[in-house]
Every structure is written in structure tokens, then in C-alpha cells.
Amino acid sequence: MNDSTSSWQGLAAERVPAFERIELLLVRLPFVAPFAISSAVWTAKEALLLRFEADGLTAWGECVADPDPYYASETTVTCRHCIKDFLLPLVETGIEIGELDRRFRRVRGHQMAKATIENALVDLIAKRTGRPLHELLGFPRRRIPSGISIGLQQTPAELLAAVDEAVAAGYHRVKMKVKRGQDVDWVRAVRERFPDLPLMVDANGDYTLDDADHLARLDGFGLTMIEQPLSYSDIYQHSLLQRRLATPLCLDESIHDLDDATTAIALGACRVLNLKQGRVGGLLESLKIVEHARAHGMPVWSGGMDETGIGRAVNIHLQTVDGFTLPGDTSETRRYFAEDIVEPPVLLDAEGFIDVPHGPGIGVTVVPERLRRYTIDSERLR
Ligand code: OSB
Ligand code: MG
């Protein structure tokens, strides 16, 4: 099963189960603090949730799209539209997940919408057979090293305080957001205080190739990588930038599927991949990307989209897959929310690792009373 040439074939051969009821919900969970990146500031997680019910089982898929198109072009509204009008009609009981994937390809792009349906189906398949999600992916449980993504702060002192807290909590690496005018000096401040900390930056596409000399100044700080320095729609210019920097580049926004990953690897546009399963169309596409990256010696880690406990659990299960060799952006629940809609919350152990949820499917349970409290819209589809 762990044979690198066939890691995704088991999942592709699973069959779409029958379901009786389908519902779309929109939840809004306030963040404990605003989360700022170079292109957006969010004060809450607003997420579209897809719920399937069958034989007394409930399965969930969380859409990683935001209400705005400031990180990706998809939004909660475009996802709702594609899920309802184009994707769900292609879901037929009894067909294989691999066949569903082929049908979904007729709908161009909209990977976040596709992942939402696939995630819910895979959760249901796993629950019907009493297996935890990582088993469906073909991998045994293991402890997942946790990293943290710290948003843009108002002052260097606030940034240092946030990094202090992260280091004390035991996170295995710290990512700090940067943008034009808030980069080299801020990195230097962190590096001076934490000389040995595995540290990286994420620019969310704020720079252009004209900034190459400026970005090269980051080479002096021993960063593990620079994530998405250039445009969300670029791969080629990253390959030119990578040749001018000693620090590995990592792509996030630019990678929507296996084809993008193949292009990035072939061009040498990065030396690391941030894989967000919800951004690339789901778990099957993720397994294909990890397998390809592994075959080319490229390390992969799981990014995050500030998910609720539903999407967070999926990201944790995915990190059991061979090829995820670096700590991801999956942090403790309390870093994001005072209260989540699921139990149990994600916690770090004393060594900064996360336990893969136990129990069938995603392995976490949605608390009905909390779900009601945080739901701002719901629609029954079937
Ligand atoms: O660029 O990786 C990103 C959150 C929302 C949108 C984009 C990004 C992020 C993060 C945080 O960096 C990841 C997380 O903690 O879930
Ligand atoms: Mg990123």
C-alpha cells in the first residue's frame, strides 16, 4: 500500500456511497485575533460546510474558500454555485472516486469546490467502514510535527512576543508573514532573538522580480524557505528568482493541481511545496502531487487555511502520508478560536506534536449546539 508508485490507487478505487440528505451550511467563527497577510485581513473564519447523511451517519466536508477572493480566486459564493449547479449532479452512487475525479475535470478549475465534495465523500466512506481517514489514504498513524503561521503584526515587539509564545508552546518551526516594507528588518529582529529557530517567511505574492536584489538580503538569515514571494499566478518568474537566491523558495498560491506542481518542479521554480489539500481539489490530487514530488526529491508540507476543526482534521490525517517531511501550518485550535465547532480540539503534546484523531472518518465530532450558534446560513439540497 505504501509503494510509492501506487499510493493513491486505493483511494481512487473507493466507491461513492449512497446518501439520503445533503446540506450546505455557512458558519462564521470569530478569530481570537485578526489574521493579516499581505493581501487580506480576516477577523473571523467564514466557511462553507457540506454535510452528507446516510444510514444514521453524518459526514462533513469543509470548503477552504474565504468569502473574498484575496487569497484565491474562489469564494464561498462561487463554491456554493459550482457545488450545487455543476459538481453534485456528477456524483453518482457506486462510481469510483477515480471516476468522479475524471467527471469533475469537465468543470475547469474550482478546486476548492471539488475538494469540499470529495472530502465529505471520503469521510462518509471511511465512517461506513469504521476506518480512520488515514487508513483510507493507506498510511499508519504517526505523530505530526506542528508549525505555526504568525500573521503580520503592528510592531516588531508584538511579533517578538508572538514568536516567543510559539517557541514556548513547542512549535517545530515558525512562519512569519512579510510584505513590502515589512520584511528584512522584521526578520532580523526575530533572528537576533532566536538564532537557531527553524524560521521561514510567507509573502503571499507581494513582490515582483524587480525585488530580487532586495529579497536576496534574506539569504543572510538562514531561513528554511521563502513562501510565494511573487504573483499568485506565476510559476516561471519564481524559477528565475530561485536561481538568484540561496534560500529555497516554496510555492503556495501558484499550485492548483498536479499539472502546476509538475511545471514548478520541472522549471526549478521552488525547492519545497506547500500542499493545501483543499486548494488542489482534495485528497486524491494531493496523494498524486506528493508522490510526484517525492519521486523528484522535493519535500512537501501541509499548509492551512485557518480551517475549523473539520478541515483541520483532514489536514492532520493527510500528514501521515509518506513525503510530508516538514512541519506544516496545522496549529492548536486555541491559536485560532476561543471555541471550535468540533471536539476534541487540536492540542500539542510536550514535544510539539499533534495526535492524529482517533475514530472513524475525520475522527472529530461536530457539536450540534455550537454548530447552531455559529451557522449564519443553511440550505438543504437533497
Ligand atoms: O498563505 O499559507 C497562507 C491562512 C489563510 C490563507 C493563506 C495562508 C494562511 C496561513 C495560515 O498562512 C495557515 C493556518 O494556520 O491554517
Ligand atoms: Mg502561504
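The values are calculated or read from the model by the stated rules, or taken from the named source; none is laboratory data. None of these values were measured; they are calculated from a predicted model. All Cβ positions, glycine included, derive from the backbone under ideal geometry; neighbour counts span all protein chains shown.
Is it the case that some residue within the stretch 101-113 is within 16 Å of the chain's Cα centre (by Cα), away from ligand 1 (no atom under 16 Å from the Cβ) and at pLDDT 95 or above? The answer is yes; a qualifying residue exists.
In this structure, does Arg373 turn out to be surrounded by fewer than 19 Cβ atoms within 10 Å (Cβ to Cβ) and within 19 Å of the chain's Cα centre (by Cα)? Write out each step before concluding.
Working: surrounded by fewer than 19 Cβ atoms within 10 Å (Cβ to Cβ): yes; within 19 Å of the chain's Cα centre (by Cα): no.
So Arg373 does not fit the description; no.
Per the conditions (1) buried (at least 18 other Cβ atoms within 10 Å of the Cβ); (2) under 20 Å from the mean Cα position of the chain (by Cα); (3) part of a helix (DSSP H, G or I), the sole criterion not satisfied by His256 is (3).
Residue-by-condition table, conditions (1) aliphatic (A, V, I, L, M); (2) touching a strand residue (DSSP E or B) at 6+ places or on another chain (Cβ under 9 Å):
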residue: Ala168; (1), (2): yes, no
residue: Val174; (1), (2): yes, yes
residue: Trp186; (1), (2): no, yes
residue: Arg191; (1), (2): no, yes
residue: Thr208; (1), (2): no, no
residue: Ile226; (1), (2): yes, yes
residue: Ser233; (1), (2): no, no
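If you go through the stretch 295-309 and pick out every residue that is within 13 Å of ligand 1 (Cβ to nearest atom) and either closer than 30 Å to Gly268 by Cβ or not in a loop (DSSP other than H, G, I, E, B) (or both), you end up with 6.
Total residues in the stretch 155-175 satisfying the condition of being surrounded by fewer than 23 Cβ atoms within 10 Å (Cβ to Cβ), in contact (Cβ under 8 Å) with a residue 12 or more places away in the chain, within 16 Å of ligand 1 (Cβ to nearest atom) and part of a helix (DSSP H, G or I): the figure is 4. Scanning the stretch 213-228 for residues that are assigned to a loop (DSSP other than H, G, I, E, B) and either closer than 11 Å to Val178 by Cβ or away from ligand 1 (no atom under 16 Å from the Cβ) (or both) gives Gly222, Leu223, Gln228.
With respect to (1) under 20 Å from the mean Cα position of the chain (by Cα); (2) assigned to a helix (DSSP H, G or I); (3) more than 16 Å from ligand 1 (Cβ to nearest atom), the lone exception for Gly10 is condition (1).
Note on the stretch 192-212: residues that are within 23 Å of Ile265 (Cβ to Cβ) and either within 15 Å of ligand 1 (Cβ to nearest atom) or under 19 Å from the mean Cα position of the chain (by Cα) (or both) total 7.
Restricting the first member to the stretch 21-49 and to residues that are under 29 Å from Leu124 (Cβ atoms), and the second to residues that are in a strand (DSSP E or B) and among the aromatic types (Phe, Trp, Tyr), the beta-carbon pairs closer than 7 Å and six or more apart or on different chains are Ile22/Phe52; Ala44/Phe31; Lys45/Phe31; Leu49/Trp60. From the list Leu133, Leu87, Leu152, the one residue that fits, being within 22 Å of the chain's Cα centre (by Cα) and without any contact (Cβ under 8 Å) to a residue 40 or more places away in the chain, is Leu87. Restricting Ala216, Ala246, Ala203, Ala212 to those that are within 13 Å of ligand 2 (Cβ to nearest atom) and either of a type in the set (Gly, Ala, Ser) or in the same structural domain as Ser149 (by TED's automatic domain parsing) (or both) reduces the list to Ala203. When Gly281, Gly268, Gly303 are checked against the criterion of being outside the structural domain of Asp101 (by TED's automatic domain parsing), surrounded by fewer than 18 Cβ atoms within 10 Å (Cβ to Cβ) and of a type outside the set (Lys, Arg), a single residue qualifies: Gly268.
Would you please name the residue that is farthest from Ala40 (Cα to Cα), looking only at residues in the stretch 188-210 that are among the acidic types (Asp, Glu) and in a loop (DSSP other than H, G, I, E, B)? Break it down into steps so the answer makes sense when it comes.
Within the stretch 188-210, the first condition is being among the acidic types (Asp, Glu), and the residues that meet it are 192, 196, 202, 206, 210.
Cutting the leftovers down to in a loop (DSSP other than H, G, I, E, B) gives us 196, 206.
Details: Asp196: 30, Asp206: 11 Å.
Going through the qualifying residues, I end up with Asp196.
Within the stretch 18-55, being in contact with a Ser or Thr (Cβ under 8 Å, 6 or more places away or on another chain), over 17 Å from Asp66 (Cα atoms) and modelled with pLDDT of 95 or more holds for Glu23, Arg51, Phe52.
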